[in-house]
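> Dropping a structure here in structure tokens format, bear with me for questions.
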Amino acid sequence: MMSTLWRMSAMEKSESSPASPASPAGTIGEPLIIAKGLRKEYGEFTAVDGIDFHVNRGESFGFLGPNGAGKSTTMRIIAATLTRTSGEITILGKDPEKRGPEIRAHLGVVPQQDNLDSSLTVEDNLYVYGRYFGLTKKFIRAKIEELLTFAQLEEKRGVKVEALSGGMKRRLTIARALVSEPEILMLDEPTTGLDPQARHILWDRLFRLKEQGVTLLITTHYMDEAEQLCDRLIVMDKGRIMAEDSPAGLIKTYSTKEVLEVRFGADRNDLYAEKLRSMCDRIEVLPDRVLMYSDDCETLLHNVVSQGMQPTTSLVRRSSLEDVFLRLTGRTLVE
Amino acid sequence: MSDTKIARRGSLQLINVPKVLHRGALYVAEARIRVMLKWKWSIAGEAILNPMFYLLSIGIGIGKVVNSHQASGIDGVSYLAFLAPALLASACIIGAVNEVMHPTLEGFKWNKNFYAMYATPISGKQIADGVLLSGLVRALFGTLMYYGALLIFGGVSGWHSLWLIPATIFAAASFAALMLGLCAAIENSDLLLNIVGRLLIMPLFLFSGTFYSLQSMPKFLQFIGWLSPLWHATEVGRWISYGHHISTQGLIAHFLYMGIMYLVGVHYARHFYLKRLSK
């Protein structure tokens, strides 16, 4: 209740007093995005089902969930490109349905699918995008040099986008979103199509942007990405928020320290399930393996073997957000 | 990606939001013109060769036959003079329509770059306006080239004929605005191309009094001309070029018709652009 009252109070305050030009950077920690009862329906289908959340300035905030969970719909509402059916939301103190362009002036958007202008060169894509924000030609020219280096596309500056590989297009899309030095950088599945090295370097770049005060909004279905990048995240499923906390907090609340994965063969996992259930806090029987939850899985594995059960393979690992999701929804993220 | 240091000031300091909110359509047009410049040689080639071919084959070739059978000319002037305003208007209108139709299909469907524009301070309305504006810039270029060719071939003459240029652009704006709305409204690109190519452009070109007076056609076909902005532009063009008789009320009706078509087109273009972008 206190939390709800605080959010409402913050919403009213921010609506009436948008970011002052005298303090353009704002205050780290103040709420930049506040949503209450946010709902989006497409006919009979409810994509976002009355969710509440807030995102603070300088925070890296994640939306985690499977395809169709409502993450991208929520992102589009925040990006002021999709109207809500009901509920309230303010971004930078403004209602996106009333002051969409003013909000979008301070957002950098990396969509799930690249929408670069394929008839233009790499350099021209960055240039025209900068012009959409009213940036001066001189500023954009200097910025292009930085962004081409950032995206490792210096050699491709004069190449038409249609000739780039998928990974290069992704890097260019991310670079393009940074041309206006946005207050909020929104990344919808940002590392899809990137190789592991480029992925890690992008994570590093995002950390640095965060250090400079940029607020990051990320949707992902990659567990490691969510754990690496997000200070706080909400787990979404079927348009609803299942849980909200830091990655570590979610794991602590909804899972054990460790997980033991054992495989007995597809037709035998069910046979052992009942016996295994009595040996640990919780188990999940998946089609190809059984997950056993305990704070000491090495001992648990020893006990399993000593009881005469010989798994064909076994793995002890620390709990991840995948386990949290499984616990909350009964399904895996990749189903 | 490399870890080159990026100096950062932040969008709150960098971006002059009121300026962008007023100039968004200009930024869209600027981007479109940048795309057109990639094709500058083919655009220039088309703008030069198209009138040359038409004027040589129809204006002079067919004109010679027509003039030899009708000593008093058509509408009191040579066939080339009769034809010139119509060719100018049709080239300008078709050029503008192409330049709004293809970017709309491309922006919404083929590479979806309108969605990238819409993620910036640019509004849906400004994207529609910018595409129309860039289409008219292209049409102006084509019109100037065509007008130059008409001067060389003797299809138009005198300073007063310069008024053909704004009148033609006005007609192009009215039809291009309508087509902009239609392109945004019809999401099936194949259907759209068939409707425009087969049911709109070709009939309008043939039944708008371009090659012969509309009055010489059967009554039941004349209504196509009355609906066509090309006929209205042609009538006004002939009035400007060689004093073709039009009553004052008729002149007002021509401009009113094109003006209303422009306003309706812009209204629906903005509406359907925004509708598709925020779907």
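Every read-out reported here was derived from the displayed coordinates using simple, explicitly stated rules and does not represent laboratory data. Just so it is clear, the structure is predicted and the values come from calculations on it, not from any experiment. Quick reminder, even Gly has a Cβ in these numbers, built from the backbone with ideal geometry, and neighbours come from all protein chains shown.
> Helix A:122-132 versus the longest principal axis of chain A: what angle, 0 to 90°, nearest 10, using Cα atoms?
70 degrees
> Now for a different question. To make sure I understand, if each residue's beta carbon is the centre and we count other beta carbons within 10 Å, what order do B:F82, B:F141 fall in, fewest to most? Walk me through the intermediate numbers first.
Working: B:F82 28, B:F141 17.
Final ranking by Cβ density, sparse to dense: B:F141, B:F82.
> What does the extension gain come out to for A:E41 and A:H302, with contour length at 0.36 nm per residue minus their alpha carbon separation? All intermediate terms of the calculation are to be shown ahead of the outcome.
Numbers: separation 261, 0.36 × 261 = 93.96 nm, distance 5.08 nm.
That pair, A:E41 and A:H302, stretches by 88.9 nm at full extension.
> I would also like to ask the following. Kirkwood hydrodynamic radius (Cα pairs, Å) of the range A:81-206? Numbers along the way, then the final one.
Details: mean 1/r = 0.0650 Å⁻¹.
One over the average 1/r among Cα pairs gives 15.4 Å for the range A:81-206.
> Here's a follow-up. Arrange B:C92, A:C230, A:C280 by Cβ neighbour counts within 10 Å, fewest through most, would you?
On the way: B:C92 34, A:C230 23, A:C280 20.
The most exposed by this proxy come first: A:C280, A:C230, B:C92.
> Could you work out how far the C-alpha centroid of the range B:135-210 sits from that of the range A:103-161, in angstrom?
34 Å
> Additional query: Residue by residue through the range A:211-224, which ³J(HN,Hα) values in whole Hz follow from phi under the Karplus form 6.51 cos²θ - 1.76 cosθ + 1.60 (θ = phi - 60°), with glycine and proline marked x?
Each residue's phi maps through the Karplus curve to give 4, 7, x, 6, 8, 10, 10, 10, 10, 7, 10, 8, 4, 5 Hz.
> If you rank B:S208, B:S57 by fewest surrounding Cβ atoms within 10 Å, what's the result? The partial results should precede the final answer.
Details: B:S208 25, B:S57 11.
Fewest-to-most Cβ neighbours within 10 Å comes out as B:S57, B:S208.
> Between A:E155 and B:F205, what is the label-point separation in nm under the 7 Å Cα-to-beta-carbon projection?
So the label points at B:F205 and A:E155 sit 4.7 nm apart.
> Name the long-range amide H neighbours of A:A151: under 5 Å, sequence gap of 5 or more, or other chain; modelled H, no Pro or chain starts.
Hits under the 5 Å cutoff: B:S2.
> Given the -39500 (n - 2.57) contribution per DSSP H run of 4+ residues, what per-residue ellipticity at 222 nm results for chain A, rounded to the nearest 500 deg cm²/dmol?
-11000 deg cm²/dmol
> Projected area of chain A, taken from the Cα convex hull and averaged over every viewing direction, in nm²?
Values: hull surface 81.2 nm².
Result: a mean projected hull area of 20.3 nm².
> Return the sequence-ordered ³J(HN,Hα) values of the range A:265-270 in whole Hz as given by the Karplus equation 6.51 cos²θ - 1.76 cosθ + 1.60 applied to θ = phi - 60°, using x for Gly and Pro.
Going residue by residue, I get x, 3, 8, 10, 4, 5 Hz, with x marking Gly and Pro.
> Let me know the Rg and Dmax you get for the range B:59-141 when you use only its Cα atoms, in Å.
Cα only, the range B:59-141: 20.2, 63 Å (Rg, Dmax).
> Moving to a separate point now. Collect residues whose amide H, placed 1.01 Å from N in the peptide plane, falls under 5 Å from the amide H of A:E41; neighbours closer than 5 in sequence don't count.
Those qualifying (amide H under 5 Å, at least 5 residues apart or on another chain) are A:A47, A:T85.
> Related question: HN-Hα J couplings of the range A:227-238 from phi, Karplus 6.51/-1.76/1.60, θ = phi - 60°, integer Hz, Gly and Pro as x?
Calculated HN-Hα couplings, in order: 5, 6, 9, 9, 6, 8, 8, 10, 9, 10, 8, 6 Hz.
> If you don't mind, there's one more thing I want to ask. Cα to Cα, under 27 Å, and not fewer than 8 places away if on the same chain: which lysines meet these conditions relative to A:K252?
Reachable lysines: A:K36, A:K71, A:K210, A:K238, A:K275.
> Compute the length gained on full extension between B:S57 and B:V264: take 0.36 nm times their separation in residues and subtract their Cα-Cα distance, giving the result in nm to one decimal.
Fully extending the segment from B:S57 to B:V264 adds 70.8 nm.
> When we measure straight from the Cα of A:K137, which lysines land under 26 angstrom away, once same-chain ones fewer than 8 places off are left out?
A:K156, A:K160, A:K169, B:K5, B:K19, B:K38, B:K40, B:K112, B:K125
> For the pair B:I246 and B:H160, what calculated FRET efficiency results from E = 1/(1 + (r/R0)^6), where r is the Cβ-Cβ distance and R0 = 22 Å, to the nearest 0.05? Don't jump to the answer; show the numbers that get you there.
Details: r = 15 Å, r/R0 = 0.68.
Efficiency, rounded to the nearest 0.05: 0.90.
> Note the angle between two axes, namely the Cα long axis of helix B:124-153 and the longest principal axis of the Cα atoms of chain B, as a number of degrees from 0 to 90, rounded to the nearest 10.
Approximately 30 degrees, to the nearest 10.
> Where does chain B land at 222 nm, in deg cm²/dmol rounded to the nearest 500, when only DSSP H runs of n ≥ 4 count, each adding -39500 (n - 2.57), divided by all residues? Could the numbers behind the result be given before it?
Values: 13 runs with 195 residues, N = 279.
Taking each H run of at least 4 residues, the total per residue is -23000 deg cm²/dmol.
> Pull up the cross-link candidates among the aspartates and glutamates for A:K138, meaning alpha carbon to alpha carbon under 20 Å and not fewer than 8 places away within one chain.
Within the straight-line cut-off, A:K138 pairs with A:E123, A:D124, A:E146, A:E154, A:E181, B:E30.
> What angle do you read, to the nearest 10 degrees and between 0 and 90, between the alpha-carbon axis of helix B:248-277 and the longest principal axis of chain B?
Compared with the principal axis, the helix lies near 30 degrees.
> Alpha carbons only, please: Rg and Dmax for the range B:25-277, in angstrom.
Reported Rg and Dmax, both Å: 18.5, 63.
> Using only the Cα atoms of the protein assembly as shown, construct the convex hull and provide its projected area averaged over every direction, in square nanometres to one decimal. Walk me through the numbers on the way to the answer.
Details: hull surface 142.4 nm².
Taking the Cα atoms of the protein assembly as shown, their convex hull projects to 35.6 nm² on average.
> So between B:I152 and B:L191, what do we pick up on full extension, going 0.36 nm a residue minus the alpha carbon distance? Mind showing how you got there, number by number?
Details: separation 39, 0.36 × 39 = 14.04 nm, distance 4.03 nm.
That works out to 10.0 nm of additional length.
> Could you give P(r) for the range A:256-318, binned at 5 Å from zero, as whole percent values over all Cα-Cα pairs?
Pair shares across the bins are 4, 21, 36, 28, 10, 1.
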